[in-house]
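Peer 1: Just passing along the structure, written as structure tokens.
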Amino acid sequence: MESSHVPLREYGIVLDEHNPFEGMMQRFDRAAELLSLDTGIYRILRHPEKQIITSIPVMMDNGEVEVFRGYRVLYNTSRGPAKGGIRFDLGVTLDEMTALAAWMTWKCAVVDIPFGGAKGGVVCEPYRLSTSELERLTRRYTASILEVLGPESDVPAPDVNTNEQIMAWIMDTYSMHKRHTVTAVVTGKPVAIGGSRGRREATGRGVMIVVKEALQQLGIPLNGSRVVVQGFGNVGSIAARLLEAEGMTVVGISDKTCAIWNPMGIPVSDAIEWVRQKRFLEGYPHGEVLTNEQILEVETDVLVPAALENVITRKNARNIRARVIAEGANGPVTAPADAILDEMGIFVIPDIMANAGGVTVSYFEWVQNREGYYWSEEVVNERLRDVMIRSFHDVVRYSKQHSVNLRTAAYMLSIDRVAAVHKMRGIYA
Ligand code: NAD
């Protein structure tokens, strides 16, 4: 990459430790600076390609019309169709969608899948909507962003408060407009209509794979090593179950109700069954009850924050007693905490790498839809393993070459990949 001055803070970045998106953008800036990124490319990568704001009228069950606000942001499509989830939440804003779309751009590039980044959402309280209201909202939102959607241009997926059913409605609406079934327009669909086997487990499986690689790299034996997992939903419970199956001892788990600690090991399948029946870990008998803050600070070999953003900050970073942190959640460690963990010699596998298993299997879903040929779960898992291992070592190599931590290396690698494509393609007109 050509060297030239990078005008950092040109766009008025101010770091707020608790704004994960600002934290992400600050890391982007640092990586761009270390790469001596060409000023023109820096400017391109600092801006979203396209932002759609739409008003979505919905006939409610009581006969009244409500109008909801929806967004879809395509951050960068230089490497391929935009990829990113759709969330239904009251907190959805254009700024947040834009930052999350940028995040997706780097995530897809770090695992080197041929997608750009996008994100979308509708400002609503999905739990207050009936199923038929939710369906009408989803279909009208889909229709209003139809011009960007498509297997070749923009491929959504589930995100906060959206699920397989909502993906099925999006696929159906798009297909009705195209006059034929187009499965590849969304991923995270039910398997019966073109979803991929292994998609539901993919993020947790990806976490397990990179943890294994990291332990091997650090010379820590897998068997008997301890792991604490914060968050016991899709990512956390599956990562815990798979790490236990690999021989690790799961000494701590938690959800929004409580944390359970047991140095002798928690039987993960039993805890999953408890949560399946009772919804939350509260009352789970096989361990001592701790708070969510305390569980992050117990002595362990590996800590997997797989719940929320901003759980390790400058306030508690010095109390962490793990050798490896694998970020299952997006943005669990703040930028100031990064520096402290670095100083303490803790090996942090960054979110854009550690939790990229989900988007990787989404890519496999898109490939299978376009092939019209469906892979067995073993094939999906094997190919996921290949992608995660290759990407992990790409990042480790980059970190050694540039003497930076894995997070900076992951950002540098992904920005470099996106920038290289912009250089090759040039600017049209
Ligand atoms: P989920 O809703 O299935 O599970 C979230 C879990 O976190 C639940 O067990 C919940 O009780 C727990 N939790 C909530 N508040 C908590 C708190 N204060 N302390 C401790 N635990 C708390 O969500 P998920 O799909 O497992 O996603 C978890 C994280 O991983 C999110 O940051 C998400 O963005 C990220 N992520 C998910 C995927 C995916 O494929 N599901 C992919 C990439 C990243």
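Peer 1: Pop the C-beta distance of A143 and K315 into the FRET formula with R0 = 45 Å and round what comes out to the nearest 0.05. Write down the numbers at each step before the final one.
Peer 2: Details: r = 46 Å, r/R0 = 1.02.
Efficiency at R0 = 45 Å is approximately 0.45.
Peer 1: If you don't mind, there's one more thing I want to ask. Looking at the stretch 22-126, what % of its DSSP beta bridges pair antiparallel, to the nearest 5?
Peer 2: Details: 17 of 22 bridges.
The answer is about 75 percent antiparallel.
Peer 1: Measure off 7 Å from each Cα along the Cα-to-Cβ vector at I389 and S132, then give the distance between these two points in nanometres to one decimal.
Peer 2: For I389 paired with S132, the spin-label model returns 5.3 nm.
Peer 1: Related question: Specify which residue in the list G84, M264, G150 is farthest towards the positive end of the charge dipole of the chain, using unit charges on the beta carbon of Lys, Arg (+1) and Asp, Glu (-1), about the Cα centre.
Peer 2: Checked the options; the winner is G150.
Peer 1: What's the magnitude of the charge dipole for the stretch 90-204 around its Cα centre, counting Lys and Arg as +1 and Asp and Glu as -1 at the beta-carbon? Answer in Debye, nearest 20. Walk me through the numbers before you get to the answer.
Peer 2: On the way: 12 positive and 13 negative charges, 68 e Å.
Here the stretch 90-204 has a charge dipole of around 320 debye.
Peer 1: Looking only at the stretch 59-196, where both bridge partners belong to it, what percent of the DSSP beta bridges are antiparallel (to the nearest 5)?
Peer 2: Working: 9 of 19 bridges.
Bridges in the stretch 59-196 that DSSP calls antiparallel: roughly 45 percent.
Peer 1: Using a Förster distance of 51 angstrom, determine the FRET efficiency expected from the C-beta separation of S269 and R43, and round it to 0.05. Intermediate values should be presented prior to the final figure.
Peer 2: Values: r = 51 Å, r/R0 = 1.00.
Computed FRET efficiency for S269 and R43: 0.50.
Peer 1: Moving on to the next point. Using the membrane-span-like helix rule (whole DSSP H runs, Cα extent along the own axis of at least 18 Å, mean Kyte-Doolittle hydropathy at least -1.0), which helices of the chain qualify? Spell out each step's value before the answer.
Peer 2: Values: long enough: 20-34 (21 Å, -0.55); 94-110 (24 Å, 0.66); 131-144 (20 Å, -1.15); 164-178 (21 Å, -0.32); 202-218 (24 Å, 0.58); 357-371 (21 Å, -0.51); 377-402 (37 Å, -0.83); 406-425 (28 Å, 0.23).
Answer set is 20-34, 94-110, 164-178, 202-218, 357-371, 377-402, 406-425.
Peer 1: Whole percent per 5 Å bin, from 0 to the bin with the longest distance: what is P(r) over all C-alpha pairs of the stretch 268-321?
Peer 2: Calculated over all Cα pairs of the stretch 268-321, the distribution is 4, 16, 21, 25, 17, 12, 5, 0 percent.
Peer 1: Taking the alpha carbon gyration tensor of the stretch 48-101, what are the square roots of 5 times its eigenvalues, largest first, to the nearest whole Å?
Peer 2: Working: eigenvalues 146, 24, 17 Å².
The answer is 27, 11, 9 Å, longest axis first.
Peer 1: What is the spin-label model distance, in nm, from E64 to E378 if the labels are put 7 Å beyond Cα along the C-beta direction?
Peer 2: Spacing of the two 7 Å Cα→Cβ label points: 5.8 nm.
Peer 1: In the stretch 266-319, what trypsin sites (Lys or Arg not before Pro) fall in a loop by DSSP, with at most 11 other Cβ atoms inside 10 Å?
Peer 2: Values: sites: R276, K278, R279, R314, K315, R318; in loops: R279, R314, K315.
Taking the stretch 266-319 and a limit of 11 other Cβ atoms within 10 Å, the loop trypsin sites (Lys or Arg not before Pro) found are R279.
Peer 1: Multiply the residue separation of R179 and L222 by 0.36 nm, subtract the distance between their alpha-carbon atoms, and state the gained length in nm to one decimal.
Peer 2: On the way: separation 43, 0.36 × 43 = 15.48 nm, distance 5.23 nm.
Between R179 and L222, full extension yields 10.2 nm more.
Peer 1: Cα gyration tensor of the chain, axes a ≥ b ≥ c as square roots of the eigenvalues: rounded (a/c below 1.5), prolate (a/b > b/c) or oblate? All intermediate terms of the calculation are to be shown ahead of the outcome.
Peer 2: On the way: a/c = 1.55, a/b = 1.15, b/c = 1.36.
Verdict is oblate for the chain.
Peer 1: How much of the DSSP beta bridge set in the chain is antiparallel, as a percent to the nearest 5?
Peer 2: Working: 24 of 49 bridges.
In the chain, DSSP labels about 50 percent of beta bridges as antiparallel.
Peer 1: Right, next: Among rounded, prolate and oblate, which fits the stretch 92-181 when a ≥ b ≥ c are the square roots of the eigenvalues of its C-alpha gyration tensor, a/c under 1.5 means rounded, and a/b larger than b/c means prolate? Kindly include the intermediate steps, with their values, before the conclusion.
Peer 2: Working: a/c = 2.09, a/b = 1.28, b/c = 1.64.
Cα axes put the stretch 92-181 in the oblate bin.
Peer 1: Grab the DSSP H runs of the chain that are 4 residues or longer, score each as -39,500 (n - 2.57), total them, divide by all residues and round the 222 nm result to the nearest 500 deg cm²/dmol. Numbers along the way, then the final one.
Peer 2: Working: 14 runs with 187 residues, N = 429.
After summing the helix terms and dividing by residue count, I get -14000 deg cm²/dmol.
Peer 1: Over all pairs of distinct alpha carbons, what does the Kirkwood formula give as the hydrodynamic radius of the stretch 164-238, in Å?
Peer 2: Details: mean 1/r = 0.0668 Å⁻¹.
About 15.0 Å, per the Kirkwood formula over Cα pairs.
Taken together, the values in this text are just the output of simple stated rules run on the coordinates, not laboratory data. What you see is a predicted model, and the numbers here were worked out from it, not measured in a lab. Quick reminder, even Gly has a Cβ in these numbers, built from the backbone with ideal geometry, and neighbours come from all protein chains shown.
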